[in-house]
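Values in this text are rule-based calculations from the coordinates and carry no lab data. Predicted model only: the values in this text are computed from it and were never measured. Positions of Cβ are generated from backbone atoms using ideal geometry, with glycine treated the same way; all protein chains shown enter the neighbour counts.
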Amino acid sequence: MGRIYLSVIIPVYNEEENILPLYRELRAVLGRINKTHEIIFVDDGSTDNTRTILTNLMDTVIGIKTISFIRHLGKSAALDAGFKAAKGEVIVTMDGDLQDDPNEIPRLLSKINKGFDLVVGWKQHRQDPFTKKIPSKIFNTLIQYMTGVQIHDSNCCLKAYKKKVVKDLEIYGDMHRYIPSLAHWMGYTVTEIKVNHRPRKHGKSKYGTLRLFNGVFDLLTVRFLMSFINQPLHLFGWFGLLSLLAGAFTGLYTTYLKYILHTSIGDRPLLIITILLILMGIQFISIGLLGELIIQRKRQ
């Protein structure tokens, strides 16, 4: 096919009724764009006829690739596999449930052509039940607060990336929810556009309550990476300083007991606690300094 301009990556899980309608819509949109392209479906361990439909589609249509997982690994793993397989200069990701509108792709590409590295879709009028919309609203607000990246719908799969962005991303767990934050932290330019969102016609949502709790832990991971991965001493140093101050305070108190009140301190737990606090403080600061040395070595 020669040089490919656009790669469209679609992770799917039990979407047998949506694949062919989605492909037909995509074919019409990509035909209007008139750029070399490929479509990559990533089957995330489907248990219905999704894999069979994808295999038949790949055998009959040029420019379609499929990646199939033996078991369900999650959206981050599916996107990561798609990113590694993509050959396009621009990569677009979208869900396979027909709720993301392929007609938004030209608008995403227009923003990319204006110089942005990542364009995120914002489902302002989301066609989902309140059981999904309310937690999503809360979670996106929390992401904005903790990362400082003002994207309204960080988890929207409808995104456009320059190739260099996806090659730098390493996503796992549920980290796909924080791609805009991770890209911004790496120095890439990130923006968003309002996109059309459609109600689900076929199949069931894969949303679960457990994902909300897992997402909180991943958000803490992202916050940690953004704040301390290049400055480990700023994290461990604070723990070390607090431990040393606490050790100094208890040390002064034991000294007061020993030399002012003439009280025996050899059998007091406070003496052992003082020694432990001081040693812990030294260890925390040493770990932070070692982290700084490792980072400096990697930069050289």
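Where does each of 93-100, 53-60 land if you order them by average Cβ count within 10 Å, highest first?
Values: 93-100: 23.8, 53-60: 15.5.
Descending mean neighbour count gives 93-100, 53-60.
Give a residue-ordered list of calculated ³J(HN,Hα) values for segment 59-66 (Karplus: 6.51 cos²θ - 1.76 cosθ + 1.60, θ = phi - 60°; whole Hz; x for Gly, Pro).
Result, ordered by residue: 6, 10, 10, 6, x, 10, 10, 10 Hz.
Which residue fluctuates most in the GNM of the chain (Cα springs below 10 Å): 286, 46, 110?
Among 286, 46, 110, the largest GNM mean-square fluctuation belongs to 286.
Can you tell which of 147, 189, 254 shows the greatest fluctuation in a Gaussian network model of the chain with Cα springs below 10 Å?
For the chain, modelled as a Gaussian network with Cα springs under 10 Å, the answer is 254.
For residue 145 paired with residue 49, estimate the spin-label separation in nm (one decimal), with each label point 7 Å from Cα along the Cα-to-Cβ line.
Simple spin-label model gives 4.8 nm for this pair.
Based on the Cβ-Cβ distance from residue 34 to residue 114, what FRET efficiency comes out when R0 is 25 Å, to the nearest 0.05? Mind showing how you got there, number by number?
Numbers: r = 19 Å, r/R0 = 0.78.
Given R0 = 25 Å and the Cβ-Cβ separation, E is 0.80.
Sorted by packing (mean other beta-carbon atoms within 10 Å per residue), highest first, where do 262-268, 278-284 land?
Details: 262-268: 9.7, 278-284: 16.7.
Output ranking for 262-268, 278-284: 278-284, 262-268.
What fraction of the DSSP beta bridges in the chain is antiparallel, stated in percent and rounded to the nearest 5? Walk me through the numbers before you get to the answer.
Values: 8 of 29 bridges.
If I count the DSSP bridges inside the chain, around 30 percent turn out antiparallel.
Going by Cα centres, segment 130-184 and segment 1-53 are how many Å apart?
22 Å
Which whole-angstrom value gives the distance between the alpha carbon centres of segment 60-104 and segment 242-268?
Each part's Cα centre sits 63 Å from the other's.
Sort 148-156, 124-132, 17-25 by packing, meaning the average of other beta carbons within 10 Å per residue, with the highest value first.
Taking the mean over residues of other Cβ atoms within 10 Å, the ranking is 148-156, 17-25, 124-132.
Calculate the dipole size of segment 6-228 relative to its Cα centre from +1 charges on Lys and Arg beta carbons and -1 charges on Asp and Glu beta carbons; express the result in debye to the nearest 20. It would help to have the intermediate numbers written out before the result.
Numbers: 32 positive and 24 negative charges, 99 e Å.
Using only the charged Cβ atoms, the result is roughly 480 debye.
Could you line up 275, 39, 9 from fewest to most neighbouring Cβ atoms inside 10 Å?
Numbers: 275 14, 39 22, 9 27.
Starting with the residue having the fewest Cβ neighbours, the order is 275, 39, 9.
At 222 nm, what helix-only mean residue ellipticity would the chain give, in deg cm²/dmol to the nearest 500, using -39500 (n - 2.57) for each DSSP H run of four or more? Walk me through the intermediate numbers first.
Numbers: 10 runs with 156 residues, N = 300.
The per-residue figure over the chain is -17000 deg cm²/dmol.
Remind me, relative contact order of segment 6-228 in percent, using alpha carbon pairs under 8 angstrom and six or more residues apart? Please report the intermediate quantities before stating the final value.
Numbers: 376 pairs, mean separation 54.6, N = 223.
Averaging sequence separation for qualifying contacts and normalising by length gives 24 percent for segment 6-228.
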